Amino acid sequence: MAFRLKTYVCSLVLDIVKKKANPHTISPSSLSNHVIIGKVKNSTDIEFQLPVISLQRIIDPSMKDKINISDIKKLSSNGVIHNVSETTFKNNTSIVFQINKNMFIKEVLQEITDDPILWKETTAKNILPNPPEKEIVIDFSSPNIAKPFHVGHLRSTIIGNFISNLFEFLSCNVIRLNYLGDWGTQFGLLQVGLDICGYTEAMIKQNPMNLLYQAYVEANKRAETDPEIAAKARNIFYNLEIGSSEIMDKWSVYRKYTVQELENIYQRLGVRFDEYNWESSYNAKDIGNIIELLKSQSLLKEDKEGRKVVEISSDVNVTVMKSDGSTLYLTRDIAAAIHRHEQYDFSQMLYVVDNGQTYHFTSLFGVLSKMQFPWASSLKHIKFGRIHGMSTRKGTVVFLNDILDECRDIMTIKQQESPTTKVVLGKSSDRINDILGISAVIINDLKQRRQRDYEFDWNRALEVQGDTGVKLQYTHCRLCSLEKNCGVNLPAECDPSVLVEPEAVLLVQDIARFEEVLLRTYEELEACILVNYLLRFCNVINRAFEVLRIKNEEKHIGSQRLLLFHASKIVLHEGMKIAGLHPLHEM
């Protein structure tokens, strides 16, 4: 925000630089994204900072010695810029512009509160002036059939949902795609396990996910010491691939149970998908076409074990078919990527999958590049680390529902003990506490650096006062309650002359930083940039609550303070939605 002021300052800077250096044509708006709002301690001054290195890069790196900061420091602009100086931090110099505080406050608050929808559109356009016309496909979550939705899939779901929300906020056309693993030897192991455990169809129907998982675990355990188990599993999968009706019927039933479980989980998490793809959709015919294409391009070789491989570098061969002729997950991923490009003609496709699959995606992208698909360069692996120690307090668990249930139950106890609880206990409070628990899990995950592993800590994740999702919900509810109960109406126009307190000015500055934060978040696809901003933003809002009273204040002052808090609520609400939260109005 403050885009017009930033652009105006940049236009003055470019006028000076052009006179000296005559650079290529460049717009002030493109330079304005490099201007950041400075943090001035113990002051109500407003500063814009423009890194000299950014000015250099965007104009012409070859004219390093031609930018004369002393000329820029002479700028005057009819009251917009009060002073120009320079500052150096870690050998990086920035030009500092002291900006008219009242003009800054009015532009920031008026833009948001006049038309919040137009403000969102303008913010998106400032960050991404030319969003791609073609779709961006985001492949995330991707659990397997007959296995519980566990914490291993949780990060993919949370991060993928956040990236989808971010791109949609920036006016991109997003296809949210869930590619479910319903194929492979894992199905054979499941069936062997069911036979070993003696689970009947009637028993499975009563408790499908628990029994299917127990059977799968038992088969894997026995396969470690009994090679016949693995051989049986491979044979069952082979019969599935060739279309055995008996095996296909069982596979269909297990898949149905899994989908029902997943839909409940996604609804609870507030996550939606535009498309569900199945690994099984890419059958022997599709794989056969790929093998023939690889042969025709002289890319397919046979190794000494009889496997079909593709050489993607001098020392890396990627297996695309086993020696017995059965397919691999990688081969089906190749078929899926080709099919998706034919279907969507996407500008980008992002795979949100953990660090452990780095080699798989290096292989996938490498084979597609070797096949000379020009769009292979638009594929990207969005990596993330793993969660450690995420279990119920009773012990290790793999079912995500158990984790979410415990979060809800803990929040129920906290709400019952809280003197500020506003809702009547009952079904509505159960839903609110579930949202609070899920908010805590989501924010606890997204505030971490994406590629780092982290240890889950119940106490830190569910603190009401700490940097948690509960804090975001609490602050949003507090802002909603203020608007409802303060007895003051929103003014038609911002009067910045009455917003003089340091707490007010700092809050306006933080509101204005939202656009800068979203730009950095987009550039790095790091949710922690946005989430940690929102948590700090809540601290600034809550400090302002203590000083900027509305009730029993002079009406004009009260209404202007309400406008400030109203703008804060809009920004917090949008930030929470991008993070994947459902903002509450009371708790």
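Ordering I69, N401, L14 by the projection of their Cα atoms onto the charge dipole of the chain, which places +1 on the Cβ of Lys and Arg and -1 on the Cβ of Asp and Glu, puts I69 at the extreme positive end. Put the Cα centre of the stretch 530-563 next to the Cα centre of the stretch 105-123 and the gap is 18 Å. Exposure check, 1.4 Å probe, all protein chains in place: V52 carries approximately 30 Å² of accessible surface. Can you tell me how the stretch 203-290 classifies by the Cα gyration tensor, rounded, prolate or oblate, using a/c under 1.5 as the rounded cut? Judged from the Cα gyration tensor, the stretch 203-290 comes out oblate (a/c at least 1.5, b/c at or above a/b). In the stretch 120-166, a dipole from Cβ-located charges (positive for Lys and Arg, negative for Asp and Glu) runs towards its positive end, and of I145, S164, T123 it is I145 whose Cα lies farthest in that direction. Within the shell of other residues whose beta carbon sits under 11 angstrom from the beta carbon of Y454, the net charge comes to +3, with Lys and Arg scored +1 and Asp and Glu -1. Helical content alone sets the calculated 222 nm signal of the chain at -18000 deg cm²/dmol, taking -39,500 (n - 2.57) per DSSP H segment of four or more residues and averaging over every residue. Report note on the peptides 375-385, 171-181: ranked by the mean count of other C-beta atoms within 10 Å, highest first, their order is 171-181, 375-385. When peptides 556-563, 516-523 are sorted by average Cβ neighbour count within 10 Å, with the highest value leading, the order is 556-563, 516-523.
Lys/Arg Cβ at +1, Asp/Glu Cβ at -1, dipole of the stretch 443-536 taken about the Cα centre: which of Y522, Q448, L482 is farthest positive-ward? Value: Q448.
Given R₀ = 30 Å, what would the calculated FRET efficiency be for R4 paired with E553, taking r from the Cβ atoms and rounding to 0.05? Taking R0 as 30 Å, the efficiency between R4 and E553 is 0.50. The relative contact order of the stretch 501-544, computed from alpha carbon pairs under 8 Å that lie at least 6 residues apart in sequence, is 54 percent. Placing +1 on the Cβ of every Lys and Arg and -1 on the Cβ of every Asp and Glu, with no other charges, gives the stretch 234-383 a dipole of roughly 160 debye about its Cα centre.
Highest average first, the peptides 549-555, 441-447, 150-156, 496-502 ordered by how many other beta carbon atoms sit within 10 Å of their residues are 441-447, 150-156, 496-502, 549-555. Size of the chain from its Cα atoms: along the principal axes, largest to smallest, the extents are 83, 64, 37 Å.
The 1.4 Å probe gives accessible areas that order T331, T122, largest first, as T122, T331.
When only Cα pairs below 8 angstrom with a gap of at least 6 residues are kept, the stretch 525-587 shows a relative contact order of 36 percent. Each Lys and Arg Cβ is given +1 and each Asp and Glu Cβ -1; about its Cα centre, the chain then shows a dipole of about 1140 debye.
Please tell me the relative contact order of the chain in percent, rounded to the nearest whole number, where contacts are Cα pairs under 8 Å and at least six residues apart. Please list the in-between numbers first.
Numbers: 865 pairs, mean separation 89.0, N = 587.
That works out to 15 percent.
The values are calculated or read from the model by the stated rules, or taken from the named source; none is laboratory data. Every value quoted in this text rests on a predicted model; they were computed, and no experiment measured them. Glycine also receives a Cβ, built like all others from the backbone with ideal geometry; neighbour counts cover every protein chain displayed. These area figures cover heavy atoms from the full protein model, side chains too; ligands, DNA and RNA do not enter into them. Shrake-Rupley method; radii C 1.70, N 1.55, O 1.52, S 1.80 Å.
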